[in-house]
1. Kindly indicate the residue of region 40-66 that is touching a Pro at 6+ places or on another chain (Cβ under 8 Å) and modelled with pLDDT of 70 or more and also surrounded by the most Cβ atoms within 10 Å (Cβ to Cβ) among those meeting that condition.
2. Can you tell me which residue in region 114-138 is nearest to the chain's Cα centre (by Cα), limited to those that are under 14 Å from Leu57 (Cβ atoms) and in contact (Cβ under 8 Å) with a residue 24 or more places away in the chain?
3. Just to be sure I understand, how many residues within region 102-122 are farther than 19 Å from Asp48 by Cα and out of contact with any Asp or Glu (no Cβ under 7 Å at 6 or more places or on another chain)?
Amino acid sequence: AGTFTVRVEARNAAGTSTATRSVDVRSLAGAWTGTVSGHTNLPSGQSDPVRTFELVLNDTPSRALGSVTGQWSDNAGCRQQTMLAQVAHPRDVTISLESFFCNATDFTLTGTLDATGNVVEGRCANGGPTCTFRMTRR
């Protein structure tokens, strides 16, 4: 994570051309709180669907797709210690709780990081057809 200057130089018989650009790479590491709307899949052994959650990501992938460690907890009583987070593009975010024990399957959030790096909004693909989420950096 950080702000980097990228410089490109092209040369041919006609001469040389250069361009520079500042690129801001955001990290998802840190503490987040979130809300879930329209979650219709009741976690196994729980009396409520997921409506609110807290997520702490301890690190971020060293490449576009990679594993991270973190903790998940939610209002339904689900707790998870391991997860996989994927950053497919600087703003495209996928967080998947692998083998989410409350659902006996994965629970995946796919969204977009805003320009400030403090809000991710999107869909919970396997939380039901109307499931959406919003999480903000604490």
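1. So the residue we want is Val50.
2. Val120
3. Counting residues in region 102-122 that are farther than 19 Å from Asp48 by Cα and out of contact with any Asp or Glu (no Cβ under 7 Å at 6 or more places or on another chain) gives 11.
The values are calculated or read from the model by the stated rules, or taken from the named source; none is laboratory data. This one's a predicted model, so the numbers in the text were calculated from it and none came from an experiment. Neighbour counts are summed over all protein chains in view; Cβ atoms, including those assigned to glycine, are modelled from backbone coordinates with ideal geometry.
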